Structure formats: C-alpha cells, structure tokens
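Worksheet: one structure, shown below.
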There are 4 protein chains.
Amino acid sequence: MDRFPNPAASTRRGFFATMNLKPVAIIGASGYSGEELVRLLLSHPRVQLTAVTSRQYAGRTLAQVLPKFAHHPRARTLRFSEPKAELVAKEAQVIFLALPHGVAAEFALPLLKLGCQVIDLSADFRLKSAAVYKDFYEREHPAPALLAQAVYGLPEVYRDQIKSASLIACPGCYPTSILLPAIPLLRAGLVRPGGIIADSLSGVSGAGRKAELDYLFVECNESLRPYGLPRHRHLSEIEQELSLAAGTQVTLQFTPHLVPVNRGILTTLYLAPNARFEQPDDLAEFGKKVAACYQAAYPDEPFVRLLEGQALPDTKNVLGTNVLELAWRLDPRTGRLIVMSAQDNLLKGASGQAVQSLNLICGFPETAGLL
Amino acid sequence: MDRFPNPAASTRRGFFATMNLKPVAIIGASGYSGEELVRLLLSHPRVQLTAVTSRQYAGRTLAQVLPKFAHHPRARTLRFSEPKAELVAKEAQVIFLALPHGVAAEFALPLLKLGCQVIDLSADFRLKSAAVYKDFYEREHPAPALLAQAVYGLPEVYRDQIKSASLIACPGCYPTSILLPAIPLLRAGLVRPGGIIADSLSGVSGAGRKAELDYLFVECNESLRPYGLPRHRHLSEIEQELSLAAGTQVTLQFTPHLVPVNRGILTTLYLAPNARFEQPDDLAEFGKKVAACYQAAYPDEPFVRLLEGQALPDTKNVLGTNVLELAWRLDPRTGRLIVMSAQDNLLKGASGQAVQSLNLICGFPETAGLL
Amino acid sequence: MDRFPNPAASTRRGFFATMNLKPVAIIGASGYSGEELVRLLLSHPRVQLTAVTSRQYAGRTLAQVLPKFAHHPRARTLRFSEPKAELVAKEAQVIFLALPHGVAAEFALPLLKLGCQVIDLSADFRLKSAAVYKDFYEREHPAPALLAQAVYGLPEVYRDQIKSASLIACPGCYPTSILLPAIPLLRAGLVRPGGIIADSLSGVSGAGRKAELDYLFVECNESLRPYGLPRHRHLSEIEQELSLAAGTQVTLQFTPHLVPVNRGILTTLYLAPNARFEQPDDLAEFGKKVAACYQAAYPDEPFVRLLEGQALPDTKNVLGTNVLELAWRLDPRTGRLIVMSAQDNLLKGASGQAVQSLNLICGFPETAGLL
Amino acid sequence: MDRFPNPAASTRRGFFATMNLKPVAIIGASGYSGEELVRLLLSHPRVQLTAVTSRQYAGRTLAQVLPKFAHHPRARTLRFSEPKAELVAKEAQVIFLALPHGVAAEFALPLLKLGCQVIDLSADFRLKSAAVYKDFYEREHPAPALLAQAVYGLPEVYRDQIKSASLIACPGCYPTSILLPAIPLLRAGLVRPGGIIADSLSGVSGAGRKAELDYLFVECNESLRPYGLPRHRHLSEIEQELSLAAGTQVTLQFTPHLVPVNRGILTTLYLAPNARFEQPDDLAEFGKKVAACYQAAYPDEPFVRLLEGQALPDTKNVLGTNVLELAWRLDPRTGRLIVMSAQDNLLKGASGQAVQSLNLICGFPETAGLL
C-alpha cells in the first residue's frame, strides 16, 4: 500500500519516512493522556514526533509547556502549532487525537481524506451505533458515516483488523480493564451473559486535568467514593463488546469508584459459571477450563499477564507499563467466578494501548517503545 | 497527696464512681484501635481512664508512649501497667480489650468473675458457635462457655441487649459497613437472601500496626489490590448476622481491597430485590419501600446518616466521626439494588462503636464523647 | 463589663447568654478554616453556634452544605444566612471572620460598632502598619483606623491583651509555626536577630479550597515544590513580631514548600547562638540556657509541647489537635541552633488558635472545646 | 538448546560481547535501587542483563520475584543466582553492587581481580579517607586499599575519570541533590564556603525496603518529620566533595526530612554570596554571574535542567527520569542566594546515575537507556 498517495505531502512527512522513522503527530497534547503519549512517542525507536498542537500553547516548545520532557532533545525544538488538520497532515502520517469527546470527530474526517491514519483516544468512534452514542453522550454523533470504518483498538481482540485500519478508536480505561478479562470467558461460553457485575477503582488522573473542586488534592486524599452510577457512559462500549463476545445482548452492572492514587484501575468482576457444581470434582474441573481458556486467549500476549499461584493483581506492579494483570478465583462457597484486573489507566487504559495500535498499523514489533 | 481520702472508696474504681465519673480501663492500648480508644476516653465527659496496660510499655506514661496525647493532663500522669486482670479490675468498672484474637478471651473470664463489664474489640466473642470460630480462625475457641453470654455490639441492631450486657463483642470493621446497610432490607424481606455481594475498600490502618513489608508506605502508596478472597475471616460474623436478619442461611460473596488511605471503609453492596418489575411504576414503588424501610430502621439514629438526593457516601465525610453514611440506587437497567456505605474503620468500625456501647451500658447519652 | 449594651439586641443572642452558652457566629464558613471552625464550635461545651453566613449557600442548612457535620443536631437546624453585619450582630456576641484578605475588614467595623467582639482569621488586622500592609498585600488597607485596636491573637505571647480585646487578628499558619519557637529565644537574647532562616513545609489545605490546576490531586500527589519565595506575604507579620521580640528590626529568610499532605506545617529554623563556643563545656552550657528559656516561656502551656530526649516533631502527632510540637538541636560541628516545630495548619495555625482566643475573651478555661 | 554454540565464546560474558551487547550483572537486586536498576538494564539498548543475585531468591526467575517486570521476555528466563563473585564474573563484564554499606566492599575486591568493572551503589567507596569512613559509619573500612582507586560517580563533575575507572562509587541521593547545585558556585568562588545550609525533603523509598514501623503507610502518610540531624552519614561525602570544589574545608548544615511521597528529593540550599551589595546594580550584576556560572558548568548536560523564568523545581517533573532540576533566587532583602534542586532519588540519586556511569565506561552515548 502506498502510504503517501498525495504527492503534495512531500516535506517533513516524507523526509522522516526516508529515514525509516514514521512521522507522527498529536492533536491535543496538554491533558494527562496526551502528555503520556508525548512521553511514549519521544522515546519510541521507530517514530519521529513531528507535530503537537494546542490552541492555548501554540508557538511554545514542548519543553516550555511540559518541562518534564525538556531533557529530550526533540522537546526543545518541537513547537506546539495550531490544531489545523491540513497543517498537521503535512507533518505526519499517523495522527493521534487526544481531544474531548465530540471534538475528536471534527478532526478525523479531514485527516482521513488527506490520507492520514487516525488513532483516536476519545469515545467518538468506539460505538457501532450513532443511536447508542446519542443515548449515552446526549448529543448527535458528529460523524456517523465514519462509525462503520472505525476499528475498536483492543489489539488482543482485534489485532488483524487494526493492522489494516485507517481509523482506530482506542478503548476507554474502564472498558479495557473489563473486556480483556471477560471476553475470553464469554466467547468460550464459560460464564453466563446475564448478571455480570464490574466493580472498579480508578486513580484521579482518569478525571482529566480539570480545575474542579472535586479533584483537588484535599478533596481526594483520604477519600473513597463511588460516582456516576448506575449508568456511566463507558457502559455503552463495554456492553457492545461484551455482547459481541457473548453472541447475545449483555447488560452490565458497573460501579466506578474514585480512590486517591494518581494512576491505576483495579477491576473486580463477578461472574456466574455456566456450569453446575454437583459432584465433588466439578469445581476443580471448571477451574481447569477457566485456566485453559485464558491460556488459549492470551498465549503469548506481551501485555496481558496471567498471574499464577497466590498472586493477585496490584496496580503498582503495572504502573508505568502497558501491561494488564489478571487473576481469578472460583469461590466454592458461592459457586461464583471472581476475576480481577489491574492496569495503568493512562497506558494500557489509554496512550500505551494507542501506541500498541500504532505499532500494528506500521508493522513495527508490537512492543516497540513499550518495554 | 492522698488520692483516695475516702476509706470507703478503697479502690480508684470506687473513688471515681463517687465523683460521678465511670472508671474505665484499656487492656492493650498500643495498636491503632487501642490508640483511638485512648483518644476518645481521654475526652469523654463522663469517664475517667484509670488504667492502660501494655507489657512492652509498663511503667511509662501515656504521654511518653503516645506523645500525640501529651496535651491531655491525664496522659502525663497515667502510666501503663502490666496486663493483669486482678490489678485492672481494681482500677476500673468497664474494661476495653484491644487485643489480638485469641488473647482477648483469656482476659474476659477473670474480669467478668471480678464483676467488671467487658467490651471486647477482638473477634473472640462475635460468633455464637465455637465450631464456626474454629472453622474460620483455625483454632479451638478459648472460652466457649462465654459465647452465649456475649452480646454483638451493634447498637442500631442490639441496643436493648447491650444495655444490660456484661460482655460485649464489638463488630469488626468490614461487618459494620455491611450489616447496617443490609440488615433492615433482609428483615423487611425486600431483598433476596441469596447472591448478595459485598465489595469493600479499606484503608491501611485496618491491617494494624505491624512491621510487615506489605504495609510499607512505598508498597501501599499508588497501589490498589484485592486480598484475602474468597474467604476472609470476617465472613463468619457477617453471615451469622445476615442469616439472623433473613431468617435463613445467607452465604455472602465478599471481596476486600487495600487502598492507600489511612482510614476509611467504603462498601458497595449488590442486592437482588424481592420483587418483579413488570409495570412501568413497579421500580418507583419498590424504591419507595426501600426508602421507607431505612427511615423506619434508622429514624433518629445519631450515627447512621441516610444520604438524600444526588449525594453518595465518601469516607472523607465520616473521617474522625462515629458516623456511617449510606446511600442506595435502584438500577432500572439491571433491576438490581446497589447500597453503598462509608465509615471510619477505627471509629464506627471499632473504637467509636465500642464507646457507643459503653454509653449504653452506663446509661449515658448514646452520643456522649462521640460528637 | 456589660457584654450586651444594646437593649435592642434581645433575641437569640440574649437567650443563649441566659443559658450560659455564649452565642457565636461565623461569617464565611465554606472554606477549610471556616469548616474547621464549624466543627470546633459545634462541639464546644460553652458555646452555641447561632449563625453561619454564605452568599452562595444562604437558606440551606449546615448539614446540607457540609454533610460531614450532619450528625450534630445543631447542623440540621442551623441555616446559612446572608452575610450582613446587622443580622449577624443580632444573633451572636462573638463573631468569627473566615473571609479572604480585604473582605474581612469590611465586616469588622460595623460589627464592632454594634458591640460585638470580632475574631478575624484573615490577614487584615495582623499588621500594625498600614504601609507595610500595602507593601505586602498590594492594596490600601481597608480600615487603617482599627489597626491600633487589634490584638495579635497568639495566646502564648499576648494572653493578657487578648482577654480584654474586642478585635483579635489570628496569626497566619506559617507565622505561628515560626513565632512560637523563635520569640522566647529572641526575647532572652540567646540568638542573634540577624540571619535567621525559616524553611517550612505545608499541606495543601493551606492553599484554601480553590479550583486551580496547581492544587489538583494529580498535580500535588508525588510532588515536592518550593513556592512564593523569596517574599511570601506572611513575612510581614512574622518580621513584625520577631522584631518586637528582639527589640530590633529582624529580616527573615523564609522558604515555604508545598508537600502532599492534607494538613500540617513543619518548620525548621536555623539560628545563630548569641554565644562563643571556645571551651569544651560552652556548648553544653548554652544548651542548658536554651532548655531553661523554653521551660520558662512555656511552663504550663496546654498547646505547646516541648519534646524531650530523641523525639523530633512530626505533624501526624499534632493532626486534629491545637498543639504545636517543638524540639531543638545544637550542632557542635557548625555551632548553629536548629529548632523544629510541627502543627496542624487548620488548628493551631488557624481555627484552633481562634477558639483559644475565644476562650480567653469569654473567660472559659483556655482548653475548652480543644481537648 | 545450546545457548553457547561458539566454543571460543566460552562464557556468557564473551558470547554477548560478540553480539555487541555488554554483559552486565547486579549483585543484590531486591531493594528499591536494585529493582530500579533491573528496570533500566532490561530496557537498555546496548546491554544484556546476564546475572542477578540474591541469597533469598536464588533459583527463581526475575519475573517470579519481581512480577512487575514479567512482561520483559528476559525477566522470564533470567534466574537469581547465589551471590558469588567468581560465578558472576563469568557472566558479566560490568557488575553493579546494590548491597548494604559494608557488604559491597567484600565483593568489589575479588571482582576487580577477575577483571570486572564495578559500579557500587553503596557508600563503601565514596570517601577518600578510611578514617572519615570509620568516623561516620562506625566501623573499620573493609577494603581501604581500594579507596584511592575508586572514582566518585558524579558524571557532571568527574566525567573523564569515570570513563577510565574500574571502580565507581555512585554518590548518595542527598549528596547528588546538593553537590550539583553547589559545586559550580564554590569552584567559581561565587559563594562563601562557610555557613552553607542544605534543607532536604526525601520520599520514603530513600529508607529502603525495610519492615520497620517508622516506614509503615499509616506512619508516613499525613506525616512530615525531620530526622537524623544534625549529623547524617551522607555529610561525610558531601563535605568531602564541597571541600574539593572550594579548595578549603567546608562544614555543612544538613537537615533531612521524611515526607509522604514514594520518590523524590527536593533540596533547598542557603548560600552567602561572595560579594557586597552596595550599589543598586550590584545584586543584578551578581545574578548575571550566577546565571553565567551555571551555564558554563552545565552547558549541554543532558541530565541537569536549569529552569528559567518563574519556574521552580518540582519533583513530579523529574519522576521516573535521570534529570536534576535546578533553579535559584537572589533575595534582595537578605542578600542570600537560594538554590533549589529536584531529582528522583532512585534515578539521578542512585540507579539512573549508575547507568550514566555505565554508559561512560562502555563508550555508549551517555543518555543510552535513560531517555
């Protein structure tokens, strides 16, 4: 496939391509996910960050706006530019959108027309149905024609589709922490699609960099609180993907909690085995099936860690990495299956997974820049 | 100076009684619960703390061992003594046991024989059955004869029994956070006794003051982790009390998590309404029943706060208080009832509740020293 | 002195006075200091909180606005009113002002005219000189005529003046942590007035409840940073009081740091002994003088804790109390005296100290409501 | 599978060398610094980690002991071995010692004899004088003959010596945060060698992974405390290096504080300018000299960031990086120079700086594996 069909797009974009570095850009780099994306792309061995945009910071260097990256030589020369699709498309082949929901879609259409590949971190292209989008996001979808084209950017589930996609919708942080543990079990028919409960804890960076009283240090430190129940927006994409895996409509019970860590999501899933435990060995038999199911689903996945023995997930063990940790327990007293996962919400739950998709569409090793 | 001029009041116990201050003692005051008990009793307007014991600190003043209390005049004169029942019984009428499980029972028997009232913060007398104790605590019960005599110290449920009790078994921290929300619903038959799930988050003080790697600052900060599932010891007392409320055996799914706060427990309960939602108004009707049930169960409870409107529990709102906050939501999509509670694990979950019981057995206002 | 000279002021204010409860009010109760003041006054045994004001919350109860106090019966009935001096003066004898700098002064004048006693937590009346105020706060002083009348509310230093004051200017949080350790040494001539350095760490509540990015959880957690140097506003009142103690102009080096705790200030002072260490025993001799100086200055102070032996100040030991902890070390290698203090910035550094002044002007025991 | 098919490359050490990957080992990899070293070396593009040792974990894989690294393929195959110098020397050319003080020296001698290069993270080889070592570490130096051979591993100061060293003594965390700001000023004679004060804040990982009550989460969270003054062990190496820079004996005032972050050191230095400020412009002139001095000292240093404008150091901006941030202010009121630095104590303060030295002795780009 000719990645540079437009002969007019000749400058930086072409230049870095010849150096065997893929030119990439970020539109909206001042939030927590955008910042993490900057960090990953500055260190990525196969990529050159050629543009970052921000209306607020246009003209200033990356190092000036995000001093934490000032030791990267690139951060001292790269300047924020105005977020204009035409300009960015001249600079880069692959464009990351780290923008609020609704805004991202406005950029995707022109960028795709200009031959770019778009990796969107917002919720705009995660849903197949514009009606469900309207129901959960309370606005008309801004670009419904693109929904069919978008691929849900969960590499462990949609690896092949991602490789050839031009528009990738990166999953939300909570969805990733629920889907990777649940999908293999539903696909295998090991658990019932009804009555699933997901109880999640999230660090405060999940709320974004917003100057609101609720997210002040003093309001969050020494605070534990549920929020947004019983109908969090992320339910829409989680239920879409669980339903596809189960082959039937799944309705999920989902309770997010805000807890005082910067990063990390810990999810505890309550599932009903699709089995009857009547004989003494039935439980152990079912346990073997669960173990085999996960082994088959994630045999060599670089970023899914199946814990063994007594180990249970702990967000501190995945902090700063693109890994999702997973463990499960069968409770002989209740007959229920409990599956737990831990991830860094800004990495496997956002920017790390986005780079994983970048690696796939560019034909790089999937772990490039992520180990 | 002769502290005991009245020869009739030959013990400190008698002396303070004549001053209209109840003489109380704490056996084992160096852990987090014991320390919190010291704080409460030093400020309690109806009580004189006449003895604290500790093998390790015997001979030193409270102020020397716990400098944070040194501004209380009493802390500068009261010295730790050896933990001997006979000696303590001479000093105090009501004795708090803040000791490890198994050790507490050894003190309860002699103290009761000496005419003291005992308020035990350990798990030793919470269970009706010595067999269940052995099953969960993996040792023979050290004083099974006392089990029938003990009253479970949950004032909102057993107020009358506590008033006349001589041995009070204070509930554990997790149990309190689960029982207060669940018992009224089970008693009223509003939810099904089967399939209940309790997902809890606890601050690190719940683990006690133990020099173990798992509880180091660096291991807990920026860490979210489940532990002790699927069969935490507290299940035994929770299921006992839920079963009594339901009139049938209840088996609970319970998942505790360790999160980086000093104090606080946040519990999310998943319950199945004992109702069918077939007509459009059925859900709202059931909601009214839930609201009425809680209003009837906790009409003027000083330490149960039923939240209204959009408010959800937040541990920071109960920190340093004896209050349990409670809110619920009916999910129209799943038909499930979600009840959430927040408490300070060292107060309503331990020492505050113990003082609430003290107030009851002494005939003080139930809120004395707790507002 | 007739505390109620105005016969028109007859209602609630007079009513509670006859109950032997002093009627008090808070103007501006929605910030962190105001909130802490609410907590203290609700539990104070000699006081009735008769009014709280807030433009934003007028008409709502304390319990609705600050649910954490909802278990206090008073919080369920007391409603926020509009902040109008005339109305508040009818309700209360002593009025606390927990308002921003500049705004407080506007309320003080009419309240004093109406015969109230005013305890101001802002910086408006801390300085003797309107010119210094203008220099540091960059505005004209709003009520310079009142400056001479105001008493600096540091009870350990100005106890007698406070007892008969009608306008009390409560010290800032940093100033308290510096003045209590330094004043006795300067008064006794033990240290030189020149070259003093104060290096302070403050919890985030010191910045107030402001929706600014700098104080978000994610920006403060895992962050250590100096700020506001070399000329923090608090320098003006600190230097005023140090100069009075030294009898000569003192210029201070002061570096505040923001650290991730909710509450607490830890100050480290570097002082030059006014002595020559030439003989082997000189250092020990000087140390005895320092010890004697502090013992003489704070012989029975309920809220200054002179640490002994190896103990060093720790903010966690004063959290939730009105105590300032103090320790010192003489360094034989440098000949310097290091003094360290720890306090709760919202209590001894603000609202606790304000209540200490309340107790003094009302003739209550100085520790009433503070133990 | 035969991993070493080439009989000429008879050791792993030789084998990897032929692959153009430098074989390196870590002795003592289970503490926080060791763990961070593992993380850096697993991702280092020019290095193969061929051995890690631990008596406790011998036989287990890196992934089993440190599950957070399990997504690195190398961590799943590399097993901990017994800490024996002969065995390790067969596996690696460069050996990192991440061992307690005193223990490290026992390994250095045999490793050097076997032709290895040794990078020691302990304090054993930082001092030139065995007498000073004994004075501060209260034991005889275990290998005084090696002291003359060791190079102090501060690349910005001793780059050339490091390049040809066989034994590198990596600076302590506090020393790095003090020396990089202070040495250029002392060398240039801009500040006086007398009366320097360093006030430092450190995260809890600086205390190591030790199961002690002082470092429990509940004891550190919401706690600010000085410790170890006035004579912390690190003074010995700091004063040695400051004295070398000043050309005269320097005695330092140093106060470390423990604050509740996992990582980070923030140091505030108080310095007396070697100048008189008599004319209006003198201060500004001196400021220009300070700026020029730092520019000359650190013109293109990849890991020293001289902040400009209003920016002040913040540990969160250097977290996870090998960068030290530095800013200074001249106080016109006191005439003092304040210099502040921020670093990650486990990286620039320990393992990152150690890898920087590795890069120098191996001839790699100095930033390899550190950006």
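The values are calculated or read from the model by the stated rules, or taken from the named source; none is laboratory data. All figures in this text were calculated on a predicted structure; none of them were measured in a lab. Every residue, glycine as well, gets a Cβ built from its backbone with ideal geometry; the counts of neighbours run over all protein chains shown. Side chains are part of the model used for accessible areas, which takes the heavy atoms of the whole protein and leaves out ligands, DNA and RNA. Shrake-Rupley method; radii C 1.70, N 1.55, O 1.52, S 1.80 Å.
Are any residues in the range A:261-285 without any contact (Cβ under 8 Å) to a residue 60 or more places away in the chain and surrounded by fewer than 23 Cβ atoms within 10 Å (Cβ to Cβ), and if so, which ones? Before you say what the answer is, go through the steps one by one.
Step one: filter the range A:261-285 for residues without any contact (Cβ under 8 Å) to a residue 60 or more places away in the chain, giving A:261-262, A:276-285.
Selection gives A:R276, A:F277, A:E278, A:Q279, A:P280, A:D281, A:D282, A:L283, A:A284, A:E285.
Looking across the range D:176-202, the residues that are open to solvent by 10 Å² or more (accessible area, probe 1.4 Å) and either over 21 Å from D:Y152 (Cβ atoms) or modelled with pLDDT under 95 (or both) come down to D:G189, D:L190, D:R192, D:G194, D:G195.
For residues that are in a loop (DSSP other than H, G, I, E, B) and either within 25 Å of A:A182 (Cα to Cα) or open to solvent by less than 10 Å² (accessible area, probe 1.4 Å) (or both), tally how many sit in the range A:342-367.
Residues of the range A:342-367 that are in a loop (DSSP other than H, G, I, E, B), as a first pass: A:344-346, A:363-367.
Now restrict to residues that are either within 25 Å of A:A182 (Cα to Cα) or open to solvent by less than 10 Å² (accessible area, probe 1.4 Å) (or both): A:344-346, A:366-367.
Within the range A:342-367, residues that are in a loop (DSSP other than H, G, I, E, B) and either within 25 Å of A:A182 (Cα to Cα) or open to solvent by less than 10 Å² (accessible area, probe 1.4 Å) (or both) number 5.
Give me the pairs, please: first residue somewhere in the range C:291-312 and farther than 27 Å from C:P365 by Cα, second residue anywhere and part of a loop (DSSP other than H, G, I, E, B) and not β-branched (V, I, T), beta-carbon distance under 7 Å, and either six or more positions apart or on two chains. Hits for this filter: C:L312/D:Y227.
Within the range A:292-319, the set of residues being part of a loop (DSSP other than H, G, I, E, B) and crowded, with 23+ Cβ neighbours inside 10 Å comprises A:F303, A:P313, A:D314, A:V318, A:L319. Any residue that is facing another protein chain (nearest Cβ under 7 Å) and not aromatic (F, W, Y) - is there at least one of those in the range A:267-278? Scanning the range A:267-278, I find at least one residue that is facing another protein chain (nearest Cβ under 7 Å) and not aromatic (F, W, Y), so the answer is yes. Scanning the range B:206-222 turns up no residue that is open to solvent by less than 10 Å² (accessible area, probe 1.4 Å) and of a type in the set (S, T, Y). Within the range B:122-138, the set of residues being assigned to a loop (DSSP other than H, G, I, E, B), on the phi < 0 side of the Ramachandran plot and either open to solvent by 10 Å² or more (accessible area, probe 1.4 Å) or basic (K, R) (or both) comprises B:R126, B:K128, B:S129.
Considering only the range B:220-232, state which residues are touching a helix residue (DSSP H, G or I) at 6+ places or on another chain (Cβ under 6 Å) and under 13 Å from D:G203 (Cβ atoms).
B:E222
Condition check for D:A29 on (1) open to solvent by 10 Å² or more (accessible area, probe 1.4 Å); (2) in a loop (DSSP other than H, G, I, E, B); (3) of a type in the set (G, A, S): one failure, at (1). Being buried (at least 23 other Cβ atoms within 10 Å of the Cβ) and either closer than 22 Å to C:S43 by Cα or in contact with a helix residue (DSSP H, G or I) (Cβ under 6 Å, 6 or more places away or on another chain) (or both) is the filter here; which residues of the range B:327-341 pass it? Passing the criteria: B:V339, B:S341.
In the set (1) aliphatic (A, V, I, L, M); (2) within 14 Å of chain B (Cβ to nearest Cβ); (3) more than 26 Å from A:V318 (Cβ to Cβ); (4) assigned to a loop (DSSP other than H, G, I, E, B), the condition left unmet by A:A211 is number (2). Put simply, of C:P142, C:P175, C:P193, C:P181 the only residue that is within 30 Å of C:L330 (Cα to Cα) and away from every other protein chain (no Cβ under 14 Å) is C:P175.
Condition check for D:N322 on (1) over 18 Å from the mean Cα position of the chain (by Cα); (2) part of a loop (DSSP other than H, G, I, E, B); (3) crowded, with 18+ Cβ neighbours inside 10 Å; (4) more than 10 Å from chain C (Cβ to nearest Cβ): one failure, at (1).
Restricting attention to the range D:83-117, the residues being of a type in the set (D, E) and under 24 Å from D:Y32 (Cα atoms) number 2. Quick one: is A:Y174 in a helix (DSSP H, G or I) and under 23 Å from A:A29 (Cα atoms)? The answer is yes for A:Y174. What about C:I168, is it on the phi < 0 side of the Ramachandran plot, out of contact with any Leu (no Cβ under 6 Å at 6 or more places or on another chain), within 14 Å of another protein chain (Cβ to nearest Cβ) and in contact (Cβ under 8 Å) with a residue 12 or more places away in the chain? No: the conditions fail for C:I168. Look at (1) in a helix (DSSP H, G or I); (2) open to solvent by 40 Å² or more (accessible area, probe 1.4 Å); (3) closer than 30 Å to D:L154 by Cα and you find that D:H101 fails only one, number (1). Of all residues in the range C:234-258, those satisfying the criterion of being open to solvent by 20 Å² or more (accessible area, probe 1.4 Å) and in contact with an Asp or Glu (Cβ under 9 Å, 6 or more places away or on another chain) are C:Q249, C:T251. The residues of the range A:196-208 that are among the β-branched types (V, I, T) and facing another protein chain (nearest Cβ under 9 Å), listed by number, are A:I197, A:V204. Given the condition surrounded by fewer than 22 Cβ atoms within 10 Å (Cβ to Cβ), more than 14 Å from chain B (Cβ to nearest Cβ), in contact (Cβ under 8 Å) with a residue 60 or more places away in the chain and outside any strand (DSSP E or B), answer yes or no: does some residue in the range C:113-121 qualify? Yes, there is a match, as at least one residue in the range C:113-121 is surrounded by fewer than 22 Cβ atoms within 10 Å (Cβ to Cβ), more than 14 Å from chain B (Cβ to nearest Cβ), in contact (Cβ under 8 Å) with a residue 60 or more places away in the chain and outside any strand (DSSP E or B). Among the residues of the range A:279-289, is any within 14 Å of chain B (Cβ to nearest Cβ) and at pLDDT 95 or above? Checked the range A:279-289: at least one residue is within 14 Å of chain B (Cβ to nearest Cβ) and at pLDDT 95 or above. So, D:R225, is that one on the phi < 0 side of the Ramachandran plot and either open to solvent by less than 50 Å² (accessible area, probe 1.4 Å) or within 14 Å of chain C (Cβ to nearest Cβ) (or both) or not? Yes: the conditions hold for D:R225. Inside the range D:18-47, residues that are within 14 Å of chain A (Cβ to nearest Cβ) and among the polar types (S, T, N, Q) make up a count of 1. Applying a threshold of 6 Å to beta carbon distances and a minimum spacing of six or more residues, or different chains, the list of pairs starting in the range A:229-244 at a residue that is in a helix (DSSP H, G or I) and ending at one that is of a type outside the set (A, V, I, L, M, F, W, C) reads A:E237/A:R126; A:E237/A:P175; A:I238/A:P175; A:S243/A:Q249. Taking (1) in contact with a strand residue (DSSP E or B) (Cβ under 9 Å, 6 or more places away or on another chain); (2) facing chain C (nearest Cβ under 9 Å) in turn, D:Q240 satisfies each apart from (2). Looking only at the range D:62-79, count how many residues are over 20 Å from D:G208 (Cα atoms) and surrounded by 19 or more Cβ atoms within 10 Å (Cβ to Cβ). Residues flagged as over 20 Å from D:G208 (Cα atoms) and surrounded by 19 or more Cβ atoms within 10 Å (Cβ to Cβ) within the range D:62-79 amount to 6.
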